Amino acid sequence: MKDSEGNTLAHWALKNKRLELVKYLAPKVDVKIKDNSGQTLDKIAKSMDLTEILEALPGTLEYRLKKIED
């Protein structure tokens, strides 16, 4: 489900810095879904310099590196 700007709940949570909600949703969402401006969750998190979120998003390099460290 998306809003009029193409945001999923995860997009909205990330853009509004509801980071605990993003972490909760991360394993359940497709991180490559784009909003209407073509932004994916991982691109938004990178632009906001949110390494902690990148580490929670399956499919990102940061997520894979975190799994190796753990």
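The values are calculated or read from the model by the stated rules, or taken from the named source; none is laboratory data. Quantities reported herein were computed from a predicted structural model and do not represent experimental measurements. As a convention, Cβ positions derive from the backbone with ideal geometry for all residues, glycine included, and neighbour counts pool all protein chains shown. Ligands, DNA and RNA are excluded from the accessible area calculation, which covers all protein heavy atoms including side chains. Shrake-Rupley method; radii C 1.70, N 1.55, O 1.52, S 1.80 Å.
Key figures for this structure:
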read-out	value
Qualifying residue in the range 1-22 (condition: of a type in the set (A, V, I, L, M, F, W, C) and in a loop (DSSP other than H, G, I, E, B))	yes
The range 3-22 residues that are in contact (Cβ under 8 Å) with a residue 24 or more places away in the chain, paired with ones that are among the polar types (S, T, N, Q) and buried (at least 16 other Cβ atoms within 10 Å of the Cβ) (beta carbon under 8 Å, 6 or more apart)	HIS11/GLN39; LYS15/ASN7
Residue ranges of helices (runs of 4 or more DSSP H) in the range 26-70 with at least 1 members within 10 Å of the chain's Cα centre (by Cα)	41-47, 51-54
Among residues of the range 23-54, those that are in contact (Cβ under 8 Å) with a residue 12 or more places away in the chain, closer than 18 Å to LEU65 by Cβ and open to solvent by less than 70 Å² (accessible area, probe 1.4 Å), counted	9
So LEU19, is it in contact with a helix residue (DSSP H, G or I) (Cβ under 6 Å, 6 or more places away or on another chain), open to solvent by less than 60 Å² (accessible area, probe 1.4 Å) and hydrophobic (A, V, I, L, M, F, W, C)	no
